[in-house]
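Below: the structure, in structure tokens.
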Amino acid sequence: MSESLNAPEVPQPGADGGRSRHIPGVSVRHTRAKGEPRFPDGPKADPAGSHFERRIRSFQPRRSRVTAGQADALQRLWPKWGLDIDGQRIVDLGELFGNENPVVLEIGFGMGEATAQMAAADPETNVLAVDVHTPGQGNLLNLADQRGLNNVRVANGDAIILLREMLAPDSLDGLRVYFPDPWPKKRHHKRRLIQPEFLSLAATRLKPGALVHCATDWEPYAEQMLEVLTGHPDFENTRADGGFAPRPDFRPLTRFEGQGLDKGHVVNDLLFRRVQP
């Protein structure tokens, strides 16, 4: 991923005055006039500004087209359930969700199937799901709408800016990072999200006792995650043996995970708690 979103194309009226119907699953494209926003009512292309800061990013672009269904969900639901990470204000999570239920932050949700499934299974927990992949944002909004999930909000942009600039201390009840980019080349390891600096920032926003749940199918990254989390003074392993945890029942098997397992990959879960300061 990168701080520059691949914003979706907007469905436009045809010669019939807009009565033409889009076939679900078909990509939406049209010719835009110069300067015309790609998606006026949807997620911003670069909500925090390209020059908000100079920092090595843990995400990179993932360019693909949105379908008609995803575009429709973004158009209808972003003003209601979307949040652009612009770094300009502290978000009132109670106001965002319309209640004071616990809030879990999920960083990187892909197409959102697992996020929607977990939200449906635990309706008393709010899920603030962050990604920069526009088709995934539209897909998760569509799933939430279809399943009547009022406990899902979709954030667009840099999760670091969200944590540092827009969330209050001790405001989160959990953190989920499932299958982040492993950046397998050694020279790219500095781009991995789970680093001591990231954990120190996250700890300031997590309530004591909050669960940090990571999962990866890249074994070298899993070992690094375990080492970094174990060595951080703000977190403790929920496993008495200090190792990896079996996949908990509340984390569904994702399509991506299933593909990895079919290839012989080993998936490791890590469950750590924020300790009392």
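Brief remarks follow.
- The listed peptides 142-152, 92-102, ordered by packing as a protection proxy, come out as 142-152, 92-102 (highest mean of other Cβ atoms within 10 Å first).
- Over 29 Å apart at the Cα level, from the set 80/207; 186/207; 44/185; 185/207, are 186/207; 44/185; 185/207.
- Calculated on C-alpha atoms, the gyration radius of the stretch 81-198 divided by its Kirkwood radius gives an Rg/Rh of 0.96.
- Taking the stretch 71-158 and dividing mean pair separation by its residue count, relative contact order in percent (alpha carbons under 8 Å, at least six apart): 39 percent
- When the alpha carbon gyration tensor of the stretch 150-250 is reduced to an equivalent ellipsoid, its three semi-axes come out at 21, 18, 15 angstrom, largest first.
- For the stretch 191-277, the solvent-accessible area with a 1.4 angstrom probe is 50 square angstrom per residue.
- Entry note, the stretch 159-272: relative contact order of 30 percent, from Cα contacts under 8 Å with a spacing of 6+ residues.
- Tail fraction, Cα-Cα pairs, the stretch 200-252, threshold 13 Å, whole percent: 63 percent
The values are calculated or read from the model by the stated rules, or taken from the named source; none is laboratory data. These figures come from a predicted structure and were not determined experimentally. Virtual Cβ from ideal backbone geometry, glycine too; neighbours counted across all protein chains shown. Just so you know, the surface numbers come from the protein's heavy atoms only, side chains and all, with ligands and any DNA or RNA stripped out. Shrake-Rupley method; radii C 1.70, N 1.55, O 1.52, S 1.80 Å.
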